[in-house]
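The values are calculated or read from the model by the stated rules, or taken from the named source; none is laboratory data. These numbers come from a predicted model, not from an experiment. FYI the Cβ positions are ideal-geometry reconstructions off the backbone, even for glycines, and counts take in every protein chain you see. These area figures cover heavy atoms from the full protein model, side chains too; ligands, DNA and RNA do not enter into them. Shrake-Rupley method; radii C 1.70, N 1.55, O 1.52, S 1.80 Å.
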Amino acid sequence: MEDGVGISYVEFEDDAGILRRYRKHVNGRGLVATTAKVDASAFVDPTAYVDPGAEVQRGATLAHGAWVEQDAIVAENATIGVNARVGRGAVVGRFAVVGPYAAVGAGARVQNGARVPREATVPEGAEHRASGDDLRRLGLAA
């Protein structure tokens, strides 16, 4: 440690037996893989995880127990709810909300402003569209 400041790492072995290194995010102290990109303005709850190659953009929120898998993208101002999971290579659009205990399958897409309901599943490779209510919530529809 230099000047009394240090970076602490946590290491996990993944399903393939590869050792992965995670660091605590500056805003929320959640665990972020060293090869993931998480904006400093994003909030990552201490119990949330961001896997290698994933990206979490500015203003996004990862709640208690949220998990963003490898190579997934959580766009700006999106919210990933309590114990929700974003699958490998999935994309959650700007201002989208993935509700508590919901799952976004691998390679799936959640459109900008869309809401995935509590405990719902977006199937692998599917697209979850924004409803009229979702767009009105954002002031984008009459």
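The condition (being over 12 Å from the mean Cα position of the chain (by Cα), surrounded by fewer than 20 Cβ atoms within 10 Å (Cβ to Cβ), aliphatic (A, V, I, L, M) and under 18 Å from Y9 (Cα atoms)) is satisfied by just one residue among A40, A106, A126: A40.
Against the conditions (1) touching a Phe, Trp or Tyr at 6+ places or on another chain (Cβ under 8 Å); (2) at positive phi, G89 satisfies every one except (1). Only one entry in V86, V98, V92, V82 is open to solvent by less than 30 Å² (accessible area, probe 1.4 Å), touching an Asp or Glu at 6+ places or on another chain (Cβ under 9 Å) and under 30 Å from G139 (Cα atoms), namely V86.
P46 meets all of the listed conditions (1) within 21 Å of E11 (Cα to Cα); (2) open to solvent by less than 30 Å² (accessible area, probe 1.4 Å) but one, namely (2).
Scanning segment 1-22 for residues that are at pLDDT 85 or above, surrounded by 10 or more Cβ atoms within 10 Å (Cβ to Cβ) and closer than 17 Å to G53 by Cβ gives R20, R21, Y22. Please specify each residue of segment 116-142 satisfying the condition of being basic (K, R) and modelled with pLDDT of 95 or more. Result: R118, single match.
Before we move on, is R136 open to solvent by 30 Å² or more (accessible area, probe 1.4 Å), in contact with an Asp or Glu (Cβ under 8 Å, 6 or more places away or on another chain) and either outside any loop (DSSP other than H, G, I, E, B) or not β-branched (V, I, T) (or both)? So R136 does not fit the description; no.
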